[in-house]
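Remarks on the structure that follows.
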Amino acid sequence: MEKYISNSAEKTAKIAKKIAKTCKKGDNLLLFGDLGAGKTVFAKGFISAFLKKQNVVSPTFTIVNTYGEKNPIYHFDLYRINDIRELDEIGFFDYVYGNGICLIEWPERLMGVNLKNTIKVQILKIDDETREIIVEKN
Ligand SMILES: Nc1ncnc2c1ncn2[C@@H]1O[C@H](COP(=O)(O)OP(=O)(O)O)[C@@H](O)[C@H]1O
Ligand SMILES: [Mg+2]
């Protein structure tokens, strides 16, 4: 387990970029944290490690956004998922058991589904600018 303290969005992105460099194809990052904790900020930093000038936007409404072609990164926001069947419909399991890296916001919505190759990232809001980031690789 690794713990980091971040005092800005930029620092969180930098930490994510560092973690990205230790990840491999097929990894699934579970991004836990309340609304506004910094999950999307983390995802932006993570993706920037592989794709420099990529414009990363929150997948709140699209559920999943794809970045890159050869070694794709899939960025999910499962906030609006209410039922496992909805995950099936978007082909979620093909993504997570495939060769890409998946970044998953609101993994609580998986409702007990166990994924392989998971890395658990918890972002805790300490105050407006401070976050504790806990990373556990399985
Ligand atoms: N240390 C920090 N790390 C990440 N975000 C921070 C930090 N300090 C302030 N923020 C702000 O918190 C917000 C996090 O938003 P976002 O990443 O969209 O949250 P989430 O995806 O978890 O709902 C951003 O507005 C960001 O600028
Ligand atoms: Mg978000």
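The values are calculated or read from the model by the stated rules, or taken from the named source; none is laboratory data. Just so you know, these numbers come straight off a predicted model, no measurement behind them. Counting neighbours? That spans all protein chains shown, and the Cβs are built from the backbone with ideal geometry, glycine included.
Things worth noting here:
- Leading residue by the ranking (surrounded by the fewest Cβ atoms within 10 Å (Cβ to Cβ)) among those in segment 95-110 that are assigned to a helix (DSSP H, G or I) and of a type in the set (A, V, I, L, M, F, W, C): Leu110
- Meets criteria (part of a loop (DSSP other than H, G, I, E, B), of a type in the set (A, V, I, L, M) and closer than 16 Å to Ile101 by Cβ) for Leu31: no
- Asn28 falls short on exactly one of the conditions (1) polar (S, T, N, Q); (2) more than 15 Å from ligand 1 (Cβ to nearest atom); (3) without any contact (Cβ under 8 Å) to a residue 60 or more places away in the chain, and that condition is (3).
- Test: residue in segment 41-56 that is more than 16 Å from Glu132 (Cα to Cα), of a type in the set (D, E, K, R) and surrounded by 18 or more Cβ atoms within 10 Å (Cβ to Cβ): yes
- Here Thr22 meets the list (1) modelled with pLDDT under 95; (2) more than 9 Å from ligand 1 (Cβ to nearest atom) almost entirely, failing just condition (1).
- Out of Gly38, Gly33, Gly68, one residue alone is away from ligand 2 (no atom under 13 Å from the Cβ) and at positive phi. It is Gly68.
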